[in-house]
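The values are calculated or read from the model by the stated rules, or taken from the named source; none is laboratory data. Predicted, not measured: the structure shown is a model, and the values here were computed from it. A quick note on method: Cβ atoms are made from the backbone with ideal geometry, for glycine too, and the neighbour counts reach across all protein chains shown.
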Amino acid sequence: MTAHEQIIDTTVAYVKKELEGAEGGHDWWHIYRVWQQARQIAARETANLLVVELGALLHDIADAKFHQGDENIGPAKAAAFLESIQVSPAITAHVVDIIRHISFKGGHQEKTFYSIELGIVQDADRLDAMGAVGIARTFNYGGFKHRAIYDPAIAPDLHMTKEAYKNSTAPTINHFYEKLLLLKDRMNTATGKALAQERHAFMELFLDRFYQEWKGEL
Ligand code: ADP
Ligand code: NI
């Protein structure tokens, strides 16, 4: 086994253990999909594969929304873990930067850090929020938060601050307009953009059908 493979194997075991019992949209299988997708995208880019893989595997190691909004706990946990397995300080710092900057949170903050490795992991994470898997994750999260599925009286809000986005109690369908349908225009890589088109079209189809059924037209 190469040193790279050994680091990845140890990280996979750590992440699986840490995410035991996680909400179905942010569990090991989300990480697994993002990891595989990130590897696929990285194969078409010039990027440091170890940084991409570690960024994908550790990006949701302690999501702030499941930790009383604490945005430092994820980066701190990842840094401590990577140090414990003797990953170099430069690689660790880059992975921590990815974890800090990957999240959407309403989409209105400034971009303060960018690297192709962040771009790849972010595209992979965004793709997992789209398409059939994205729809499944979204309703699972909505159920986890006891949100309504849809309420025609509550319109989506496209101008939420980061705080408002985090504290939203709106019906789950609104999340499509507040985030999911915006993602296709925010992809970083050419591969990510291409994959996003199809997943976007599937969500549009789903929503059309949903409203038709809601109104009793189908
Ligand atoms: P980000 O940190 O980029 O905002 P999240 O981790 O909040 O990403 O979102 C990941 C996925 O969790 C979303 O794509 C969606 O499936 C689900 N999710 C997050 N917030 C909501 C919400 N308010 N309503 C419904 N689903 C949500
Ligand atoms: Ni994620």
Quick one: which of V12, V52, V95 is in contact with a Gly (Cβ under 7 Å, 6 or more places away or on another chain) and either in contact (Cβ under 8 Å) with a residue 12 or more places away in the chain or closer than 25 Å to I135 by Cβ (or both)? V95
With the condition kept exactly as written, say whether any residue in segment 143-162 is under 15 Å from the mean Cα position of the chain (by Cα) and basic (K, R). no
Looking only at segment 162-172, and only at residues there that are in a loop (DSSP other than H, G, I, E, B) and either in contact with a Ser or Thr (Cβ under 7 Å, 6 or more places away or on another chain) or modelled with pLDDT of 90 or more (or both), the one that is surrounded by the fewest Cβ atoms within 10 Å (Cβ to Cβ): T169
May I ask you to say which residue of D208, D157, D185 is of a type in the set (D, E) and either assigned to a loop (DSSP other than H, G, I, E, B) or buried (at least 21 other Cβ atoms within 10 Å of the Cβ) (or both)? D157
Quick one: is R147 within 29 Å of A43 (Cα to Cα), buried (at least 16 other Cβ atoms within 10 Å of the Cβ) and not acidic (D, E)? no
Being of a type outside the set (A, V, I, L, M) and either free of Cβ contacts under 8 Å to residues at least 40 places away in the same chain or within 11 Å of ligand 1 (Cβ to nearest atom) (or both) is the requirement here; does G119 meet it? no
